[in-house]
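Step one of this worksheet: look at the structure below.
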Amino acid sequence: MMATLRSILLLAAGLCAGTADAQPPAAPDIPAPRAGEAVDTARAIQLREREAAQPVRPWTEPDPAAIPAGKAGDAIRYGQALLTRTSTLIGPNAPDPARRFAGNNLNCVHCHAVGPSGLPGTKPYSLPLVNVVNEYPKLDIKSMKVISLETRIAGMVGKGPAGGIPADGPEMQAILAYLKWLGRAGRPDTRMAQTGLDEVAMPNRAADAGRGERLYREQCVACHQPDGTGIKAPDFAGGAGYAFPPIAGNDSYDDGGHMAMVPLLARFLAANMPYGSTRQSPRLTVDEAYDIAAYVTNNLPRKHNPGRVKSYPAEALRPGGFVIPEQFPGDDAAYQRARLGPFIDPPALRQSADTRHDLAAEQ
């Protein structure tokens, strides 16, 4: 009876998380996550339940005029610049070879988009960064470990010619300063409405990659090009990166990345693409985004991640969208069916937390 009541309360929390005034029930008495903690499935479900029960505060639009003067403000502004001009400052072609920390020529703002404030990472439902400082340490179900915000940043930056971004270096400290400033109105163990990706139901059908290709050529090809490799800035060799980012090829996410999952990519596309779209003023239907995501994921080339077979080791928490051929040894026909959906998350993943915040935060 108690388990049933708890499930009902958690479901109610997930349904209400997107509203400004509705709040989930009080957090269950579950020990807080510790950075570096390796977890089993039971502990992971506990942590997700704990997160689902955290209070949700309304979206807060940052004001760039509130960035302080002096050294503190300088660090915040440098962090802002690093997210906006990542390729120029720390990319593989950055002018300073000693600071070529990033593993590709993208800018963080290509995914963590600019909102009305003009600041990177502040567009609702575009993987915004406005509250991330209050959400870590956080369970990462891809590795079944609790990770720190610094670990997440380092993982997203990757490793370039100069190695990864140093944990105690000025770049990491500046990014942290910017994220702390963005989240200064919140408090630890709170969530914020309109963060992560929009929680929309995927069509209960197999995705149509052929239709997705036609839609891609109508809606996406002008910026991302027929092969998905984007449009380089004129001074690409000097570190300028891309005018429009690649969504395929060696300078994009690999075949084990989060956006290689059709449902997650579809949720991003539905609220953000084509460029200029918002959740309130979308230009794609969810059905269209779903089919485009299937085409981009399955038909455009991207680099291979041999380590993907180790991702999501807990089957009970493995997203339904994580479909790789290694899961279907000797049965390619089954893989070909599964890779197009319909995609159904396992019950423990659906019931234990609000996936708008969970999976999206792992980007």
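Some notes on this structure:
- Taking each residue of the range 316-339 that is within 18 Å of residue 144 (Cβ to Cβ) and looking for partners that are among the basic types (Lys, Arg) and surrounded by 16 or more Cβ atoms within 10 Å (Cβ to Cβ) with beta-carbon atoms closer than 6 Å, six or more apart or interchain, yields 324/308.
- Within the range 303-330, considering residues that are crowded, with 22+ Cβ neighbours inside 10 Å and not hydrophobic (A, V, I, L, M, F, W, C), the one farthest from residue 347 (Cα to Cα): 321
- In the range 100-114 there is no residue matching the filter, namely being in a helix (DSSP H, G or I) and of a type in the set (D, E, K, R).
- Looking only at the range 187-231, and only at residues there that are among the small types (Gly, Ala, Ser) and in a loop (DSSP other than H, G, I, E, B), the one that is farthest from residue 275 (Cα to Cα): 206
- Selection within the range 280-309 - part of a loop (DSSP other than H, G, I, E, B) and of a type outside the set (S, T, N, Q): 282, 283, 284, 300, 301, 303, 304
- Residues considered: 234, 274, 246. Of these, the only one that is at pLDDT 95 or above, assigned to a loop (DSSP other than H, G, I, E, B) and surrounded by 20 or more Cβ atoms within 10 Å (Cβ to Cβ) is 246.
- The sole residue among 125, 136 that is over 14 Å from the mean Cα position of the chain (by Cα) and of a type in the set (Ser, Thr, Tyr) is 136.
- The set of residues in the range 31-83 being under 15 Å from residue 145 (Cα atoms), among the charged types (D, E, K, R) and more than 20 Å from the chain's Cα centre (by Cα) consists of 34, 37, 40, 43.
- Across the range 96-108, the qualifying residues are those that are in contact with a helix residue (DSSP H, G or I) (Cβ under 7 Å, 6 or more places away or on another chain) and over 15 Å from residue 251 (Cβ atoms), and the one among them that is surrounded by the most Cβ atoms within 10 Å (Cβ to Cβ) is 101.
- Answer from 167, 174 - the residue that is farther than 30 Å from residue 316 by Cα, touching a helix residue (DSSP H, G or I) at 6+ places or on another chain (Cβ under 6 Å) and not in a loop (DSSP other than H, G, I, E, B): 174
- Failed condition for residue 110, given (1) over 26 Å from residue 309 (Cβ atoms); (2) more than 14 Å from the chain's Cα centre (by Cα); (3) in contact (Cβ under 8 Å) with a residue 12 or more places away in the chain: (2)
- Residue within the range 9-18 that is touching a strand residue (DSSP E or B) at 6+ places or on another chain (Cβ under 7 Å), more than 24 Å from residue 181 (Cα to Cα) and either at pLDDT 95 or above or not charged (D, E, K, R) (or both) present: no
- Residue pairs whose Cβ atoms lie under 9 Å apart, separated by 6 or more positions or on different chains, with the first residue in the range 284-310 and within 20 Å of residue 229 (Cα to Cα) and touching a residue at least 60 places away in the same chain (Cβ under 8 Å) and the second charged (D, E, K, R) and crowded, with 22+ Cβ neighbours inside 10 Å, are 293/267.
- Selected residue (criterion: nearest to the chain's Cα centre (by Cα)) from residues of the range 162-209 that are within 18 Å of residue 120 (Cα to Cα) and among the polar types (S, T, N, Q): 195
- Test: residue 255 is surrounded by 17 or more Cβ atoms within 10 Å (Cβ to Cβ) and modelled with pLDDT of 95 or more: no
- Residue ID - surrounded by the fewest Cβ atoms within 10 Å (Cβ to Cβ), chosen from residues in the range 81-95 that are touching a Gly at 6+ places or on another chain (Cβ under 9 Å) and not aliphatic (A, V, I, L, M): 95
- Residue list for the range 26-65, filter: without any contact (Cβ under 8 Å) to a residue 60 or more places away in the chain, within 22 Å of residue 133 (Cβ to Cβ) and surrounded by 11 or more Cβ atoms within 10 Å (Cβ to Cβ): 30, 50, 53, 64
- Evaluation of residue 187 against the conditions (1) within 30 Å of residue 307 (Cα to Cα); (2) of a type outside the set (A, V, I, L, M); (3) modelled with pLDDT under 95; (4) surrounded by fewer than 20 Cβ atoms within 10 Å (Cβ to Cβ) shows that the sole unmet condition is (1).
- Of all residues in the range 110-141 being of a type in the set (Val, Ile, Thr) and surrounded by fewer than 22 Cβ atoms within 10 Å (Cβ to Cβ), the one that is farthest from residue 281 (Cα to Cα): 133
The values are calculated or read from the model by the stated rules, or taken from the named source; none is laboratory data. Note that the coordinates shown come from a computational prediction; the quantities given were computed from them, not determined experimentally. Heads up, the Cβs are rebuilt from the backbone with ideal geometry, glycines too, and the neighbour counts pull from every protein chain shown.
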